[in-house]
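The values are calculated or read from the model by the stated rules, or taken from the named source; none is laboratory data. Everything numeric in this text was worked out from a predicted model, so none of it was measured. A quick note on method: Cβ atoms are made from the backbone with ideal geometry, for glycine too, and the neighbour counts reach across all protein chains shown. With ligands, DNA and RNA removed, areas are computed over all heavy atoms of the protein, side chains included. Shrake-Rupley method; radii C 1.70, N 1.55, O 1.52, S 1.80 Å.
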Amino acid sequence: MGGLGDGSGTVYLGSAGRTIEFGIGNYRITETDKIGLGGMKQKFRQNIAAIETLRRIEERNRAATPAEQAVLVKYVGWGGMPQVFAEVPPKDWREEHEQIAQLLTKEEFAAARASTLNAHYTAPEVIQAMYAAVERLGFQGGRILEPSCGLGHFVGLMPETMHAHSPVTGIELDSITARLAQKLYPNADIRQGAYEEAQLTDGAYDLAISNVPFGDYQPYDKRFNTLKLPIHDYFFAASMERVRPGGLIAFITTKGTLDKRAGHLRRHLARQADLVTAIRLPNTAFKGNANTEVTTDIVILQKRMPGKAPAGPEWEKSVTFKNDKGEEMLLNEYFVARPEQMLGRMA
């Protein structure tokens, strides 16, 4: 994926200068885990097995064994499974509906039902490509923030050398998912709660990396309320405060972040950071892993050092674009100038 950094010069170096004993106990995801593979029924069974295993671990108030972690890591959440939580489930999902209703508390059941629209997990290939990108940009390790960590795949798939140098703080809204992540990655700081309520030090992180939640709802944060940002754009604005000057933000986001006509978020970010690179993924990039089709972008920004002039490509404007079939749509000026950064055809 050469479009995510070509290795020409060092753009960024993390603040960590020594190896720390951080990786001991954290689960390392490998190909044998077959993350995200299988049909919906199989994923349901794996979710149930993970939750039952978590219950047993918590009842005994102990750490997970490696064998148990291998069960926990197959949890994929409930994205793409709304039929399980329907008041009148389809006939072929009634047994699963009863099973999950008995396993979860009322609060957990309500949270799981609410998560079916946005609890989508990131394909390992995409995570690995993002880490390859920041490595090409010179990031070797440092303080990492994962503001929507889910099960923690960005920890489990982190390159070994980076993992050894990188304390991780992860934020996850869903209680079950956060508790699973804590058992998988006991040496990371996994916190359960909303990102907008997290107590985090501004300017403390070298890299913020995540697959941010998508949606039209606006979180409450008095620092950004006047911008009226939807949740995915909010994650950019809030994370820009948390990374230090010179730090990187590498997020997967909906194409609307770059394409929508209203450019106030892009202007807000451009006053503080430069776009390093962006790449548009085909709408099938998350179909196999998360059972969803959505057009997404990987966007990498670098926060400017004090006194440094803006640099990098133009990306604040969204312009009218006509594809090869004559269809008109809004498209960010970055992609208009660099169509090779779009893996597919806009339609």
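Among the residues of segment 202-220 satisfying the criterion of being of a type in the set (D, E, K, R) and under 25 Å from residue 138 (Cβ atoms), which is most open to solvent (accessible area, probe 1.4 Å)? Looking at the filtered set, the residue picked out is 202.
Got a sec? Which of 124, 186 is under 19 Å from residue 74 (Cα atoms) and under 13 Å from the mean Cα position of the chain (by Cα)? Can you show your working first?
Numbers: 186 fails: under 13 Å from the mean Cα position of the chain (by Cα).
The match here is 124.
Do you know which residues across segment 50-60 are surrounded by 15 or more Cβ atoms within 10 Å (Cβ to Cβ) and over 24 Å from the mean Cα position of the chain (by Cα)? Across segment 50-60, the qualifying residues are 53, 57.
Residues in segment 162-201 that are over 22 Å from residue 139 (Cα atoms), charged (D, E, K, R) and part of a strand (DSSP E or B): 172, 191. Given the structure, is residue 199 open to solvent by 20 Å² or more (accessible area, probe 1.4 Å), at pLDDT 95 or above, out of contact with any Ser or Thr (no Cβ under 8 Å at 6 or more places or on another chain) and more than 25 Å from residue 256 (Cα to Cα)? So residue 199 fits the description; yes. Is one or more of the residues making up segment 275-290 farther than 27 Å from residue 154 by Cα, surrounded by 14 or more Cβ atoms within 10 Å (Cβ to Cβ) and within 22 Å of the chain's Cα centre (by Cα)? No, segment 275-290 has no match at all. When segment 319-337 is examined, which residues are found to be touching a residue at least 60 places away in the same chain (Cβ under 8 Å) and either open to solvent by 70 Å² or more (accessible area, probe 1.4 Å) or in a helix (DSSP H, G or I) (or both)? The answer is 334, 335.
Summed over segment 254-274, the residues that are open to solvent by 10 Å² or more (accessible area, probe 1.4 Å) and assigned to a helix (DSSP H, G or I) give a count of 5.
Determine whether segment 228-241 contains at least one residue that is hydroxyl-bearing (Ser, Thr, Tyr) and surrounded by fewer than 18 Cβ atoms within 10 Å (Cβ to Cβ). No, segment 228-241 contains no residue that is hydroxyl-bearing (Ser, Thr, Tyr) and surrounded by fewer than 18 Cβ atoms within 10 Å (Cβ to Cβ). Here residue 158 clears all of (1) in a helix (DSSP H, G or I); (2) without any contact (Cβ under 8 Å) to a residue 40 or more places away in the chain except the condition numbered (1).
Set side by side, the residues 200, 173, 281, 258 differ, and just one is on the phi < 0 side of the Ramachandran plot and touching a helix residue (DSSP H, G or I) at 6+ places or on another chain (Cβ under 6 Å), which is 200.
Restricting 244, 223 to residues that are surrounded by fewer than 20 Cβ atoms within 10 Å (Cβ to Cβ) and out of contact with any helix residue (DSSP H, G or I) (no Cβ under 8 Å at 6 or more places or on another chain) narrows the list to 244. Counting the residues of segment 125-156 that are open to solvent by 20 Å² or more (accessible area, probe 1.4 Å) and out of contact with any strand residue (DSSP E or B) (no Cβ under 9 Å at 6 or more places or on another chain) gives 6.
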